[in-house]
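Since the structure comes first, as structure tokens, the remarks are kept for the end.
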Amino acid sequence: MTSILRLFLIRHGETEWSLNGQHTGGTDIALTSHGEEMALGLRGVLAELNCTQVRVSPRLRARQTCEAAGFGGQAQIDPDLAEWDYGDYESLRTEDIRKRRAGWSIWRDGCPGGESPREISLRADRLIDRLRKLEGCVILFSHGHFGRVLAARWLGAPVAQGQHFLLSPATLSILRQTTGDALQPDERQIELWNSPPPVFSPPPKEAA
């Protein structure tokens, strides 16, 4: 019997720092008014999913997005959904970092005082190991860089491949797993990526 798991990954809405290109890891910065409107725009499409499990990053911007989308009362905080720890590069823009370290790439170099690519890969793998045992649909409220890491590791690709998955604020993406019998390995795909809510529609139900 085939079972299907869909992870509905949502990046939080706009903040002042995301608008300015500043790296925002552990800093608890709130959504802008536009960011709140973006999050409210998620409410209608997510309500159609009938998902019973909702996980959210502990960061304020993710929790506010989750609340505005209508899931504040049922969400479970999951520390593994937190953004990449930028360490010494917190609040800096990429161009500022490259003035200190020419040619810097987070995908290759990581962040001193924060997480390396290997460390965030292990965190994403830990989360995937827990989520892949579920069925049905799960809504995840997370962040830009971590969401891209999660997509890469979902496909079994190195963290550096996440640089190819652009992820905008308040968008929806679907990571899918199909599980068969013992003779059939799990199959994982990206079913949808970086879709704004008006474009998104729930996938059709499939026979088991």
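The values are calculated or read from the model by the stated rules, or taken from the named source; none is laboratory data. If you're wondering where the values come from, they're calculated on a predicted model, not measured in any experiment. Heads up, the Cβs are rebuilt from the backbone with ideal geometry, glycines too, and the neighbour counts pull from every protein chain shown. Protein only, heavy atoms only, side chains kept; ligands, DNA and RNA dropped before computing areas. Shrake-Rupley method; radii C 1.70, N 1.55, O 1.52, S 1.80 Å.
Brief remarks on what is shown
- Some residue of segment 131-140 being without any contact (Cβ under 8 Å) to a residue 60 or more places away in the chain and surrounded by fewer than 19 Cβ atoms within 10 Å (Cβ to Cβ): yes
- Scan segment 160-192 for residues that are buried (at least 23 other Cβ atoms within 10 Å of the Cβ) and either within 25 Å of GLU37 (Cβ to Cβ) or without any contact (Cβ under 8 Å) to a residue 60 or more places away in the chain (or both) and the total you get is 5.
- Residue check, LEU122 among the aliphatic types (A, V, I, L, M), closer than 24 Å to GLY70 by Cα and either touching a Gly at 6+ places or on another chain (Cβ under 9 Å) or open to solvent by 40 Å² or more (accessible area, probe 1.4 Å) (or both): no
- Scan of segment 73-96 for residues that are in a loop (DSSP other than H, G, I, E, B) and either over 17 Å from the mean Cα position of the chain (by Cα) or of a type in the set (Lys, Arg) (or both), ordered by number: GLY73, GLN74, GLU90, SER91, LEU92, ARG93
- Checking CYS137 against (1) under 16 Å from TRP84 (Cβ atoms); (2) modelled with pLDDT under 95, the condition it does not meet: (1)
- Residue tally, condition over 17 Å from the mean Cα position of the chain (by Cα) and closer than 24 Å to ASP85 by Cα, over segment 3-26: 6
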